[in-house]
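Remarks on the structure that follows.
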Amino acid sequence: MRRALLSGVAWLCLTGTAMALTPLEFTRATLEQARSIVDSERTHNEKLAALFDLLEDFLDTDTMGRAALDQHWSQFSSAQQKEFLTLFRELFQRTYVQKLLLFEKPDFAYVGEERAGGAMRVDTKILTPRDEFAVTYQFRQVGDRWRATDIQIESLSLTANFRRQLDGLLGKSSVENVLDRMRRKYGTRGTAEDDAL
C-alpha cells in the first residue's frame, strides 16, 4: 500500500514542472516511478520503453555527451554532433537502466542534497538484499527545470567512464568509424546489451 501511494505521489510530482521540486524531490519522484515500472507486470521491452520515456526529462544526456567527447567535440561536424548526441542518449540510458534500475529490483534510500556553486548534488543509495551502493546525481538548472548531468556510482562517474572509452577510440579511429560503431550497437536496430562503446 505504501509503495502504491509513493508511486502515485511520484507520478503527480512528475506531471508538474521539475523546477517546482528540489533536485532531491525530483530524484525521489523519478526513482519511485521507475520502481513502479520495474515492479509492474509489463514485459521486459515494455518496461525498457517506459523507463526510457521517464528518463527523457530526468537526464541531460546532451550535456553528458558533450562532456564525454571533451576535446574531440570540435572534430565532429554539426551533423555528426547531432547524431552522436542521439546515439549517446541511447547508450547512457541503456547503461543507467540496466545497471541501476533493473538490478535485482532495488530499493532506494535518499541521503540528501547539497549545493555546489550553481549546481546541486543529490546523494542516494541503492539497497539490495546482498549489498548497497552509493549513487550520486549531479544536477544543473536548465531553463525552468533541473536535469541530471552526471551519475556517480561509488565515486565512479559514468560520464568520465565514457570519456575514457571515446578518447581511446578516437585516438585510433576516425569520427565516422566511431559513429558507425555506435550506429551498429545503439542505433534503431542496435542490439547492444552492454555499456561498452
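The values are calculated or read from the model by the stated rules, or taken from the named source; none is laboratory data. All figures in this text were calculated on a predicted structure; none of them were measured in a lab. Here Cβ is always computed from backbone atoms with ideal geometry, including for glycine, and neighbour counts include all displayed protein chains.
Does any residue of the stretch 133-152 turn out to be modelled with pLDDT of 90 or more and outside any strand (DSSP E or B)?
no
Taking Thr124 as the residue in question, decide whether it is in contact with a Phe, Trp or Tyr (Cβ under 6 Å, 6 or more places away or on another chain), surrounded by 13 or more Cβ atoms within 10 Å (Cβ to Cβ) and among the polar types (S, T, N, Q).
Yes: the conditions hold for Thr124.
May I ask you to list the residues in the stretch 127-173 that are without any contact (Cβ under 8 Å) to a residue 12 or more places away in the chain and among the hydroxyl-bearing types (Ser, Thr, Tyr)?
Ser157, Ser173 - these are the residues of the stretch 127-173 that are without any contact (Cβ under 8 Å) to a residue 12 or more places away in the chain and among the hydroxyl-bearing types (Ser, Thr, Tyr).
Counting only residues that are touching a Cys at 6+ places or on another chain (Cβ under 8 Å) and within 20 Å of Pro106 (Cβ to Cβ), give me the helices (runs of 4 or more DSSP H) lying completely in the stretch 14-76 with at least 1 of them.
In the stretch 14-76, the matching helices (runs of 4 or more DSSP H) lie at 23-38.
Can you tell which of Arg163, Arg115 is in a strand (DSSP E or B) and more than 26 Å from Arg35 (Cα to Cα)?
Arg115
Exactly one condition in (1) within 17 Å of Thr27 (Cβ to Cβ); (2) of a type in the set (S, T, N, Q); (3) under 14 Å from the mean Cα position of the chain (by Cα) is false for Thr95; which is it?
(1)
Would you confirm whether any residue within the stretch 18-26 is out of contact with any Phe, Trp or Tyr (no Cβ under 8 Å at 6 or more places or on another chain), free of Cβ contacts under 8 Å to residues at least 60 places away in the same chain and more than 28 Å from Leu170 (Cβ to Cβ)?
Checking the stretch 18-26: at least one residue is out of contact with any Phe, Trp or Tyr (no Cβ under 8 Å at 6 or more places or on another chain), free of Cβ contacts under 8 Å to residues at least 60 places away in the same chain and more than 28 Å from Leu170 (Cβ to Cβ).
I'm checking my understanding of the structure. Among residues of the stretch 98-121 that are basic (Lys, Arg) and either modelled with pLDDT under 95 or surrounded by 18 or more Cβ atoms within 10 Å (Cβ to Cβ) (or both), which one is farthest from Ala67 (Cα to Cα)?
Lys105
For the list (1) of a type outside the set (Val, Ile, Thr); (2) surrounded by 14 or more Cβ atoms within 10 Å (Cβ to Cβ); (3) within 29 Å of Arg181 (Cβ to Cβ), I need the number of the one condition that Ser74 fails.
The failed condition is (2).
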